[in-house]
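Visitor: First the structure, which I've put down as structure tokens, then a few questions once you've had a look.
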Amino acid sequence: MQRVFYLVLNNFKNDSRVLRTCFFLKRNGYEVSVIALHDAGQLVSEVVNEIQVDRVRLVTRAWYKNKILQLIKFAEWSFSALWRARRADV
């Protein structure tokens with residue numbers, strides 16, 4: 001079974017588009033996981049409708065919003081998400 005990691009830049013709370021895509025992949029024999037951003041009050045790892053969701057906690061999340069700091073935040077998220085998805089086939 002091939003592993004698919006779906007990377008999203010939101011907290012995956014109400015993302016029906018991604019959920020429908022994950023269901024489609026799961027029905028067709030793929031093992032699907034979603035990697036999303038962590039927000040306060042959410043679990044870091046949970047199963048949502050049979051889809052594994054792992055959320056990335058960012059150290060830089062509380063920093064101010066300007067272009068350079070946003071770039072640093074994106075770099076932190078990218079590194080963390082890609083590190084978690086290193087076992088993926090797709």
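Visitor: For Val34, enumerate residues with amide H under 5 Å from its amide H, sequence gap 5+ or separate chain, H modeled in the peptide plane.
Guide: Those qualifying (amide H under 5 Å, at least 5 residues apart or on another chain) are Tyr6, Gln52, Val53, Asp54.
Visitor: Rounded, prolate or oblate: which fits the chain, taking a ≥ b ≥ c as square roots of the Cα gyration tensor eigenvalues, rounded meaning a/c under 1.5, else prolate when a/b beats b/c?
Guide: The shape class here is prolate.
Visitor: Over the chain, with every protein chain in place, what whole percent of the accessible area is carbon and sulfur at 1.4 Å, could you tell me?
Guide: On the way: 3590 of 6260 Å².
Percent of accessible area from carbon and sulfur atoms in the chain: 57.
Visitor: Something else about it: Using helices alone, what [θ] at 222 nm do you get for the chain, with -39,500 (n - 2.57) per DSSP H run of 4 or more residues, divided over all residues and rounded to the nearest 500?
Guide: Calculated mean residue ellipticity at 222 nm is -11000 deg cm²/dmol.
Visitor: So, one more: In terms of Cα to Cα distance under 22 Å, which lysines are near enough to Lys73, apart from those fewer than 8 places away along the same chain?
Guide: Partners within reach: Lys13, Lys65.
Visitor: If you don't mind, there's one more thing I want to ask. Solvent-accessible area per residue for the chain at a 1.4 Å probe radius, Å²?
Guide: Values: 6260 Å² over 90 residues.
Ligands and nucleic acids excluded, the result is 70 Å² per residue.
Visitor: Hey, if you put +1 on the Cβ of every Lys and Arg and -1 on every Asp and Glu Cβ in segment 28-90, which of Leu71, Ala40, Val53 ends up farthest toward the positive end of that dipole?
Guide: Leu71
Visitor: Please determine, in degrees from 0 to 90 and to the nearest 10, the orientation of helix 16-27 with respect to the longest principal axis defined by the Cα atoms of the chain, where the helix direction is its Cα long axis.
Guide: Once rounded, one gets 40 degrees.
Visitor: Under 8 Å for C-alpha pairs, at least 6 residues apart: give me the relative contact order for the chain, rounded to a whole percent.
Guide: Reported as a whole number, the value is 32 percent.
Visitor: Using a simple spin-label model with points 7 Å from Cα along the Cα→Cβ vector, what separation in nm is obtained for Arg20 and Val47?
Guide: The modelled label-to-label distance comes out at 2.5 nm.
Visitor: Same structure again: Specify the angular offset, from 0 to 90 degrees and rounded to the nearest 10, of the alpha carbon long axis of helix 67-84 from the longest principal axis of the alpha carbons in the chain.
Guide: 30 degrees
The values are calculated or read from the model by the stated rules, or taken from the named source; none is laboratory data. Since the model is a prediction, treat every value here as computed from it, not as a measurement. So basically every Cβ, Gly included, is an ideal-geometry build from the backbone, and we count neighbours across all protein chains shown. Heads up: the accessible areas ignore ligands, DNA and RNA and are worked out on the full protein's heavy atoms, side chains in. Shrake-Rupley method; radii C 1.70, N 1.55, O 1.52, S 1.80 Å.
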